[in-house]
Amino acid sequence: MNSTNQSLKPITTKINQAGNLEIGGCDLVELAEKYGTPLYVLDEETIRAVCQDYKNAFKTYSKVNFMFASKALCSMATSAIAASEGFGFDVVSAGEIYTVHKAGADMSKVLFNGNNKSYDELSLALKLGVGRISVDNFFELSLLNEIAKSYNKTADILLRITPGIECHTHEYIQTGHLDSKFGFDLTQIDEAVELILNDFTNLKLHGLHAHIGSQIFETSIYGDEIEILVKEIARLDKKFGLKLNEINAGGGLGVKYTDSDCPPSTFTIAEIIINRLNECVEKYNIEPPALFIEPGRSIISTAGVTLYTVGSSKQVPKGKAYFAVDGGMADNPRPSMYQAEYYAEIANKPDFEPLQDVTIAGRFCESGDILIKNIKLPQLEEGDILCVYNTGAYNYSMASNYNRVQKPAMVLVNNSQSDIIIKRETLEDLTAHDEIPHRLRK
Ligand code: LLP
């Protein structure tokens, strides 16, 4: 069965009577006029459809829990939507903990991940009742135990393990391979467990956690990951009499950035995970564990588009036709960081014939600031509104103020209504944290 992450565009995308692109019942050209550009637009219906896909796909495994990986896009409104779908959250910083808490999330459904959580961040997690902390290394075991002891609390933890699985995605977004910076190597698990059982008495271990990478198109490796987690749980039971009843398989399901991308369906992934989990429960003779899945990109990417206004252009003699837009690598660093490819249309000319091969350049002072290297589009002119698809994940969350440019606003669209969920930064915002030392003042 197909699922929403396999769509290139938000599911409500269409051409309206005015001849413009429309998402969530809102005319994109009107949104650009009303809110300015660059503008992140998020379609609520698409986000909810993906959440529903996950729930339907995994419904045959009763002990399943979903956590939205906030790092893909963390805002109060998106947190409120994910929470209303029954999702918990994977968070990786005090900022993400604070945001989901402020958005009203049930903190017992929150898992704190990360390879170098600070004293203050771990303290905040304990104070706000974060449900699980996935401990990444020996240093953190000892630090967290000390903090929990000082609060007279027990910290509920998972152990993040490196399952030794290589997935074929960009090198920077692989995480489960053996020389990854994340998690305990399989050969270090016993030592960690011994410390928890004998020394770190303010820690309670509930299960194991792994994450193999991001933008994954392979399916079978999820089965292999599940087998490694279950096998380890069974082994720890035999060796230490330890009954662990949670496994967290991380996130990673890919999305369709361009026509040539064919990500697997949520239903295919779920079937592989559940079948292998049921098989392994029998094979290794353990109680069926609670299963946690923490997708980020596949929840939020397809729902998002970015609108830009086309400005200057340059025809290199006998070379490329460059068209520059009013955003670029600061609002979407993915093309320059990972050679990521994107698809786009012109919001005010969606059904014009694409006749021209063009390069879409950003406005930032760097030659590498190219949003789309080569795309066929209708005749582009200054003032056209370019709609770049699939920018919901890891765009706003990795945005910067490079060149001292304000971060764009984000609007949520649904049922012909649009609401600002993140305000556009102002020039005052940019200097709000600056100080001039007294001796330099005139
Ligand atoms: N769980 C853990 C422990 C993770 O490290 C990640 C992502 C996720 C879940 C969510 O993975 P997803 O479902 O989004 O693939 N900035 C990169 C992606 C980095 C992903 C880091 N970890 C990009 O723009 O492609």
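The values are calculated or read from the model by the stated rules, or taken from the named source; none is laboratory data. Note that the structure is predicted; figures quoted are calculated from it, not measured. When we count neighbours, we look across all protein chains shown, and the Cβ atoms used for this are built from the backbone with ideal geometry, even at glycine. Quick note on the areas: whole protein, heavy atoms, side chains included, nothing else; ligands and nucleic acids left out. Shrake-Rupley method; radii C 1.70, N 1.55, O 1.52, S 1.80 Å.
Let me cross-check Ile436: its accessible surface, 1.4 Å probe, with only protein heavy atoms counted, in Å² to the nearest 10?
Result for Ile436: roughly 100 Å² accessible.
For helix 44-57, report the angle its Cα long axis makes with the longest principal axis of the Cα atoms of the chain; keep it between 0 and 90° and round to the nearest 10°.
Roughly 30 degrees, rounded to the nearest 10.
Mind listing the long-range amide H neighbours of Arg363? Cut-off is under 5 Å, sequence gap 5 or more, other chains count too, H placed in the peptide plane at 1.01 Å from N.
Answer set, sorted by chain and number: Val325, Gly327, Gly328, Met329.
With N denoting the number of residues in the chain, provide Rg(C-alpha) divided by 2.2 N^0.38 Å, to two decimal places.
1.04
Taking a ≥ b ≥ c as the square roots of the eigenvalues of the Cα gyration tensor of region 100-218, is the shape rounded (a/c under 1.5), prolate (a/b larger than b/c) or oblate?
Note, shape of region 100-218 comes out oblate.
Just order 40-50, 422-432, 283-293 by mean Cβ neighbour count inside 10 Å, highest at the front, would you?
40-50, 283-293, 422-432
Residues of the chain: accessible area per residue at 1.4 Å, in Å²?
Averaged over the residues of the chain, the accessible area is 44 Å².
Please report, in debye to the nearest 20, how large the charge dipole of region 274-386 is about its Cα centre when each Lys and Arg carries +1 at its beta carbon and each Asp and Glu carries -1 there.
That gives a dipole near 360 debye.
Structure shown: which of Lys256/Lys376; Lys109/Lys283; Lys14/Lys34; Lys71/Lys320; Lys71/Lys349; Lys55/Lys239 lie over 25 Å apart, alpha-carbon to alpha-carbon?
Exceeds cut-off: Lys109/Lys283; Lys71/Lys320; Lys71/Lys349; Lys55/Lys239.
Can you give the calculated 222 nm mean residue ellipticity of the chain, where each DSSP H run of n ≥ 4 adds -39,500 (n - 2.57) and the sum is split over every residue, rounded to the nearest 500 deg cm²/dmol?
-8500 deg cm²/dmol
Can you give the extra length, in nm with one decimal, that the chain gains between Gln417 and Tyr61 once fully stretched, where that is 0.36 nm per residue apart less the Cα-Cα distance?
The Gln417-Tyr61 span can extend by a further 124.5 nm.
Restricting to the chain, what percent of DSSP beta bridges are antiparallel, rounded to 5?
That works out to approximately 45 percent antiparallel.
How big is the gap, in Å, between the Cα center of region 338-403 and the Cα center of region 271-294?
Centre-to-centre distance over Cα atoms comes out at 43 Å.
Give the peptides 315-324, 378-387, 392-401, 115-124 in descending order of average Cβ contacts within 10 Å, highest first.
392-401, 378-387, 115-124, 315-324
Based on Cβ point charges of +1 for Lys and Arg and -1 for Asp and Glu, what charge dipole magnitude is obtained for the chain about its Cα centre, in debye rounded to the nearest 20?
620 debye
Ignoring ligands, DNA and RNA, what percent of the accessible area of the chain is carbon or sulfur (1.4 Å)?
49 percent
Using protein chains only and a probe of 1.4 angstrom, how many square angstrom of Met410 are accessible, to the nearest 10?
0 Å²
Using θ = phi - 60° and the Karplus curve 6.51 cos²θ - 1.76 cosθ + 1.60, what whole-Hz ³J(HN,Hα) does each residue of region 383-396 get, with Gly and Pro shown as x?
My calculation for region 383-396 gives x, 5, 9, 8, 10, 9, 8, 6, 10, x, 9, 6, 10, 4 Hz in order.
For region 44-300, what is the percent of antiparallel DSSP beta bridges, rounded to the nearest 5?
Beta bridges within region 44-300, antiparallel portion: roughly 5 percent.
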